[in-house]
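The values are calculated or read from the model by the stated rules, or taken from the named source; none is laboratory data. Quick caveat, the model's predicted, so the values are computed rather than measured. So basically every Cβ, Gly included, is an ideal-geometry build from the backbone, and we count neighbours across all protein chains shown. The protein model used for the area step is the full one, side chains on, heavy atoms only, and it has no ligands, DNA or RNA in it. Shrake-Rupley method; radii C 1.70, N 1.55, O 1.52, S 1.80 Å.
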Amino acid sequence: MGTQAKPGIRLRAVLISLGILLANIVVNGLIFLFFRDSTLNPLLTAVLAVLWGVVGVYLIYYSLTFAAEQYPDKIRSRILPFIFVGPAVLLLGWLLVLPALRTLYLSFFNASSDKFVGLANYAAIFSDRLLGTALRNNLLWVFVGTLACVAFGLLIAILADRSSYEKTAKSIIFMPMAISFVAAGVIWKFVYYYQPGNEQIGLLNAIVTYFGGQPQAWTSMIQPWNNFFLILILIWMQTGFAMVIFSAAIKGVPDDILEAARVDGSGEIRIFFRIIIPFISTTILTVTTTIIVFTLKIFDVVMVMTGGQYDTEVVATQFYRQFFMYRNFGYGSTLAIVLLIAVLPVIFVNLRQFRKQGGF
């Protein structure tokens, strides 16, 4: 009887699972169609959509968990991880993988996406003068921006760790992380603001003229050095991020090792380079690769400050210009793929580092 009951139990569990899955698809599909075609007040629609998101996700997970509990323990233990991870993987696939594949597909077509041109777009980007400028600027962002963020973040973490005002100092330095790159660009646009004449409202030019200097159009006239004034915004924002991560890693250095080094006569500089740096080297690599990804994808600051003019073009702004302004879908998609190819190795290194640290 027991052996005959097992197939019946499994069939019942399968039917319940299919019913629950179908019910989730139908109900959520109908709700989506309702919101898509709704003529309700926009504010009410937004509130209902948020409620649907919260309650809907809860009901999906609850119903799928209920379906999994209908199976024997051995099967249930294998199904549950997929229930909790599966929807997130499907959502990421829908929002990230499918658009990436479509972008790759469009990169093999002409501007209007109606004629296959093969690798012609890829050949064209390496002979484009503007793209050469954009690649040069991206390299400046990667090397100068990343190196400065990591160096200043590490220096401040070491100094703040030994200060009685550690919490206050770290809070002030981390504060720029609370605002977006667009907001940071607006703030620094007023810092660098230039107008002809002696009366200057830009902070930097006001300081320069106060000490008898001549005001400058920092982000437009001083080429290609104007890129460094834009990179300074990244440093202002990301140093706080690097500082917090480094500070946590430094606090993990065993005190007995540091005390033993001091007893042996090692100075603080020697301890820093011979003990602290090797001990937190994996953290330094993780922070470095993370900031490199930020710099490779940089867009907001450049767009707000200069719009990509005055030799400040980067790959992301060139992609935006080609795809959305010039409607050159083939060339714009190719630039997006080039940017993706540049970012992928850095992300791969970061993921390997997380795996070594037991992150997943």
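Of the residues making up the range 120-152, those that are at pLDDT below 85, part of a helix (DSSP H, G or I) and charged (D, E, K, R) number 1. Would the range 58-70 turn up any residue that is open to solvent by 100 Å² or more (accessible area, probe 1.4 Å) and hydroxyl-bearing (Ser, Thr, Tyr)? The answer is yes, given that some residue of the range 58-70 is open to solvent by 100 Å² or more (accessible area, probe 1.4 Å) and hydroxyl-bearing (Ser, Thr, Tyr). Being assigned to a loop (DSSP other than H, G, I, E, B) and closer than 22 Å to ILE158 by Cα holds for only one residue in GLY265, GLY213, and it is GLY265. The single residue among LEU234, LEU203, LEU159 that is assigned by the TED database to the domain that holds VAL302, of a type outside the set (D, E, K, R), modelled with pLDDT of 85 or more and open to solvent by less than 20 Å² (accessible area, probe 1.4 Å) turns out to be LEU234.
In the range 195-214, the residues that are more than 21 Å from ASN226 (Cβ to Cβ) form Cβ pairs under 8 Å with partners that are assigned to a helix (DSSP H, G or I), at six or more places apart or across chains, as follows: ASN198/THR209. Could you grab me the full set of residues in the range 269-288 that are free of Cβ contacts under 8 Å to residues at least 40 places away in the same chain, touching a helix residue (DSSP H, G or I) at 6+ places or on another chain (Cβ under 7 Å) and not polar (S, T, N, Q)? ILE271, ILE275, ILE280, listed by residue number. The sole residue among VAL54, VAL14, VAL27 that is without any contact (Cβ under 8 Å) to a residue 24 or more places away in the chain and within 29 Å of the chain's Cα centre (by Cα) is VAL54.
Only one of the listed residues (PHE246, PHE241) is part of a helix (DSSP H, G or I) and open to solvent by 20 Å² or more (accessible area, probe 1.4 Å). That residue is PHE241.
When LEU104, LEU131 are checked against the criterion of being out of contact with any Phe, Trp or Tyr (no Cβ under 9 Å at 6 or more places or on another chain), touching a residue at least 60 places away in the same chain (Cβ under 8 Å) and open to solvent by 50 Å² or more (accessible area, probe 1.4 Å), a single residue qualifies: LEU104. For the range 107-127, filtering for residues that are of a type in the set (A, V, I, L, M, F, W, C) and loosely packed, with under 11 Cβ neighbours inside 10 Å leaves 3.
Which of the residues that make up the range 310-337 are among the β-branched types (Val, Ile, Thr), under 21 Å from LEU230 (Cβ atoms) and assigned to a helix (DSSP H, G or I)? Break it down stepwise before answering.
As a first pass, look at the range 310-337 and keep what is among the β-branched types (Val, Ile, Thr): 312, 314-315, 317, 334, 337.
Then keep just the ones that are under 21 Å from LEU230 (Cβ atoms); that gives 312, 314-315, 317.
Once the filter is applied, which keeps residues that are among the β-branched types (Val, Ile, Thr), under 21 Å from LEU230 (Cβ atoms) and assigned to a helix (DSSP H, G or I), the range 310-337 yields VAL315, THR317.
Scan the range 162-171 for residues that are open to solvent by 70 Å² or more (accessible area, probe 1.4 Å) and either assigned to a loop (DSSP other than H, G, I, E, B) or modelled with pLDDT of 90 or more (or both) and the total you get is 3. Restricting attention to the range 226-248, the residues that are in contact (Cβ under 8 Å) with a residue 60 or more places away in the chain and in contact with a Phe, Trp or Tyr (Cβ under 9 Å, 6 or more places away or on another chain) add up to 16.
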